[in-house]
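Submitted below is the structure of interest, expressed as structure tokens.
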Amino acid sequence: MSTTDSPQPRHQNPELAAINKAIMAIASELSLDRVLKQIVESARELVGAEYGALGVANSDGYLDLFIHSGMSDEAAAEIPNLPRGLGLLGAIVKEKRSIRLPSISDDPRSYGFPEGHPPMTSFLGVPIMSGKETLGNLYLTNKRDGASFDLSDQQMVEMLAAHAAVAIQNARLYEQVGRLAVLEERTRIGMDLHDGVIQSIYAVGLTLESTRLALPETAEESDMLLGHAIDALNNTIRDIRNFILDLRPHRFRGDLKEGLARLAREFQANTMVQATFEVPDEILQGIPTSVARAVFLTAQEAMANVARHAQASEVFLRLERQKTAVVLTISDNGRGFDLQAQDQTTGHGLANMRMRAEELRGRFHVNTSPGQGTTLTIQFPYR
């Protein structure tokens, strides 16, 4: 060995090797699935477990993402449903603490196993935490030597769970940055369309109008063709304005009346559809921010639907207050639609508005029929 060579350890510490694999996976910017897969496999190898899995929970505590190790994909495909975050897995997320058991079936929190699931006895599960938020769980089963998992195993797996939390948070931040970049680009495109393309088309329309006035009174065919061209340009301008309405969504700034007034003004400017809104000052007092924001977002989506689909000449927006709720009504005199047929599709954004109401324990109702306009009524309780 030369003097410049650095000595290499004959046996690398397995704990350090597993942690190093996790760190390298996160640093290499692999997909979240691959990073978490590496962490699960490192944990399983480190504590000598036959099976391992990692679940990422959604806001309701159920698992959105589930990654397993030690079981082939073919064997996993034979199981009717993979864990959803119930039983012991749900307990880890809800209780925010590690659980070690010599026998899963002996614990009253155990939810049982579906048909085709391999038998599992010893269990070690740890929460994946970011501050006080539980992101999911990492768990191992069937320690190979037949013994139970011990405190040392738990501490090592908790360390890997901390790296899993970093990977999950990194992925979420990356996704948020991507959404912000898309929103900024959409806003820029909307401004360019409004300030450039629409003005150019409008100038062409004015030129055609002037040409039309300069034609002799006998030039009926030319006058008709120019009329068609002007109508087509006006329709194009309307379509682009509607497109801009979708490209430039507004954020709720806290003042509900001001926000709804702004929606009505800009809707009317972009669509040339008369928009009237009625929001008495006295009904706004005491409305929680979450409810006010839901009202604003629902109104924004409903107005965009009118612009895209209704072919209306007038839309009316009204906010009323009941004893324990506020009621948002948006009605238009447009073409309406067959509600029974529309329920079979995802168009018109109705599903989104209904879901937003239901999330706040509210009610959503649509009254429409072909040729009869549309009225949306959304009730949001606030006590």
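The values are calculated or read from the model by the stated rules, or taken from the named source; none is laboratory data. What you see is a predicted model; the values in this text were computed from it and never measured. Neighbour counts run over all protein chains shown; Cβ positions are idealised from the backbone, glycine included.
Would you mind finding the one in L54, L30, L88 that is surrounded by 15 or more Cβ atoms within 10 Å (Cβ to Cβ) and at pLDDT below 70?
L30
Kindly evaluate F123 against the criterion of being crowded, with 21+ Cβ neighbours inside 10 Å and over 13 Å from A162 (Cα atoms).
Criteria met by F123.
From the list I198, I244, which residue is at pLDDT below 70, of a type outside the set (G, A, S) and touching a Gly at 6+ places or on another chain (Cβ under 6 Å)?
I244
Listed here are the residues, each with its yes/no results for (1) hydroxyl-bearing (S, T, Y); (2) assigned to a helix (DSSP H, G or I).
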site	(1), (2)
A292	no, yes
F296	no, yes
Q300	no, yes
N305	no, yes
R308	no, yes
A312	no, no
R318	no, no
T329	yes, no
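Which one is surrounded by the most Cβ atoms within 10 Å (Cβ to Cβ) among residues in the range 91-120 that are touching a helix residue (DSSP H, G or I) at 6+ places or on another chain (Cβ under 6 Å) and touching a residue at least 60 places away in the same chain (Cβ under 8 Å)?
Among those residues, the one meeting the criterion is S98.
In this structure, is Y111 at pLDDT below 80 and closer than 24 Å to I79 by Cβ?
Yes: the conditions hold for Y111.
Specify the residue that is nearest to A49 (Cα to Cα); the eligible residues are those in the range 145-155 that are surrounded by fewer than 20 Cβ atoms within 10 Å (Cβ to Cβ) and modelled with pLDDT of 85 or more.
S148
Now a separate question. With respect to R293, is the statement that it is within 20 Å of R265 (Cβ to Cβ) and either out of contact with any Gly (no Cβ under 7 Å at 6 or more places or on another chain) or surrounded by fewer than 17 Cβ atoms within 10 Å (Cβ to Cβ) (or both) true?
Yes: the conditions hold for R293.
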